Each structure stands twice: as C-alpha cells, then as structure tokens.
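Inspection log for the structure reproduced underneath, given as structure tokens.
The values are calculated or read from the model by the stated rules, or taken from the named source; none is laboratory data. All of these numbers come straight from a predicted model, not from anything done at the bench. Glycine gets a Cβ as well: all are built from the backbone with ideal geometry, and neighbour counts include every protein chain shown. Only protein heavy atoms, including side chains, enter the accessible area calculation; ligands, DNA and RNA are left aside. Shrake-Rupley method; radii C 1.70, N 1.55, O 1.52, S 1.80 Å.
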Amino acid sequence: MPGVLYAGGVVAALFASTLTSQAYAQPPFDTVPPDKIVIKVATVNGSGCPAGTAAVAVSPDNTAFTVTYSNYLAQVGKGSKPTDFRKNCQLNLVTHVPQGFSYAIASVDYRGYAHLEKGASATEKASYYFQGQSQTTSSSHDFSGSYDDNWQVTDTADIATVVWSPCGELRNFNINTELRVNAGSSNTTDTTSFITMDSTDGDVSTTYHFAWKECPQKK
C-alpha cells in the first residue's frame with residue numbers, strides 16, 4: 001500500500017499514559033537509531049477508512065510516521081445517511097524497531113476541514129495502546145458552529161509519562177480514531193454539517209512523532 005509523507009502535516013490527538021516498567025527508568029536516548037524502523041499495516045477497519053484509503057509511511061530520519069487518509073468524513077443533514085454522523089478508523093500496525101531500542105509516541109499532529117452550521121458541533125477523538133498492555137490513553141477535541149475552515153491541533157506528552165514499547169518484543173501498535181458530528185439546533189433539512197480528515201485538494205496526513213530510548217543491556 002503506497003504511503004505519502006507530508007512535511008509539516010499538522011493535526012491532533014495524543015498518546016500518553018503512565019510509565020510503569022522500571023526497565024525504562026533511564027533517560028531518553030538523545031539520538032535516533034541508525035537503522036530504519038519498518039511499519040506495516042496489519043489491519044485497517046472502520047467506516048472512515050475503507051480498504052485502500054489509509055496508508056502509512058515512515059520519515060527518512062526515523063523520527064515520525066505518517067498515516068494518510070483519503071476518505072474520512074462524518075456528516076449530518078441534507079444528503080447524508082443516518083449512520084454518517086459518526087465515522088471511525090482502527091489501525092493495527094506491525095512495528096519492527098531496530099535492535100536495542102524502544103520507542104514511544106511523544107506527540108501527534110492531526111489536521112482536517114470542517115463545515116459546521118450554527119448550532120452544530122463536531123468531535124475528533126483518538127486512543128492509543130500497544131497490544132498486550134493495559135494502558136490506553138484517549139484524547140478528544142471539540143468544534144462548534146458556525147465554522148467553515150481548516151482545523152489543526154497538536155497534543156504533546158511529557159517524556160516521563162509516555163508508554164514505551166517493550167524491549168526485545170514485537171508488539172503491534174493500535175490507533176483508534178473517530179469523527180462525530182452533532183446536528184444540535186442546526187437546520188438539517190436544508191443544510192449539511194461535516195468534519196473530515198480528507199480534503200478536496202489531496203490527502204490529509206496524521207503525523208506521529210517518536211521518542212527513543214536505548215534498551216538496557218542484558219547481563
């Protein structure tokens with residue numbers, strides 16, 4: 001599946017949770033690993049990302065990866081179906097990390113476009129976790145009408161509070177996102193309100209920024 005990496009893609013949600021393993025008590029590693037990280041999409045499920053409409057690419061310097069959507073839209077009102085008010089996408093990613101390193105998602109950028117009539121509102125929500133770990137963190141952002149413009153948000157986690165991938169283990173990384181529109185008091189007979197992670201002039205990217213640690217040496 002082809003991927004497109006956008007320099008300066010900006011748009012939002014957050015992966016952060018409490019660090020519980022003593023194995024990662026050492027400070028973050030200052031330089032990124034020399035070997036390339038490989039990320040493959042194991043599964044893509046959801047009404048917001050039909051087959052072939054989501055792709056993943058890793059930046060050349062191994063400091064970020066980008067998820068690109070081309071058909072992610074939630075809407076209410078004229079011309080919409082009853083189920084269109086909510087769209088979601090669950091990505092299950094197989095991540096091969098260079099030997100001797102652990103990574104965490106320190107911040108996430110999202111962007112999109114929204115048209116909300118007066119009285120309508122919209123929400124973007126995301127949650128993140130590694131397979132087999134109990135920690136799951138969610139973040140949401142609300143938008144109120146009237147609104148007709150691009151939107152962008154950036155959430156950043158303190159390095160001491162992010163969840164790190166287990167050293168020496170292959171754990172899939174799960175990303176669950178959701179777009180929701182509430183008609184509220186808007187006129188749904190004659191107007192349409194929507195929020196999207198898609199755009200009329202091309203795909204929209206979601207960029208996940210890495211933080212790196214060197215794993216403890218085995219004795």
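Before moving on, here are some points about what is shown:
- Yes/no for Val94 being surrounded by fewer than 21 Cβ atoms within 10 Å (Cβ to Cβ), modelled with pLDDT of 80 or more and aliphatic (A, V, I, L, M): yes
- Enumeration of residues in the range 177-202 that are at pLDDT below 90 and either open to solvent by 30 Å² or more (accessible area, probe 1.4 Å) or on the phi > 0 side of the Ramachandran plot (or both): Asp198, Ser199, Thr200, Asp201, Gly202
- Applying the set (1) part of a strand (DSSP E or B); (2) within 30 Å of Pro34 (Cβ to Cβ) to Lys125 leaves exactly one unmet item: (2).
- Looking across the range 80-106, the residues that are farther than 20 Å from Ala54 by Cα and in a strand (DSSP E or B) come down to Phe101, Ser102, Tyr103, Ala104, Ala106.
- Annotation note: Cβ proximity below 7 Å between a residue of the range 64-86 that is more than 19 Å from Gly184 (Cβ to Cβ) and touching a residue at least 60 places away in the same chain (Cβ under 8 Å) and a residue that is open to solvent by 20 Å² or more (accessible area, probe 1.4 Å) and of a type in the set (Lys, Arg) (sequence gap 6+ or interchain) occurs for Tyr72/Lys87.
- Index of the failed condition, Val153 passing every other in (1) modelled with pLDDT of 85 or more; (2) more than 21 Å from Ile39 (Cβ to Cβ); (3) hydrophobic (A, V, I, L, M, F, W, C): (1)
- Entry remark, the range 97-112: residues being within 16 Å of the chain's Cα centre (by Cα), of a type outside the set (D, E, K, R) and open to solvent by 10 Å² or more (accessible area, probe 1.4 Å) number 2 in total.
- Failed item, numbered, when Ala57 is tested on (1) assigned to a strand (DSSP E or B); (2) within 29 Å of Asp190 (Cα to Cα): (2)
- Identity of the residue in the range 60-79, on the phi > 0 side of the Ramachandran plot and in a loop (DSSP other than H, G, I, E, B), that ends up most open to solvent (accessible area, probe 1.4 Å): Gly79
- Asp155 being open to solvent by 30 Å² or more (accessible area, probe 1.4 Å) and part of a strand (DSSP E or B): no
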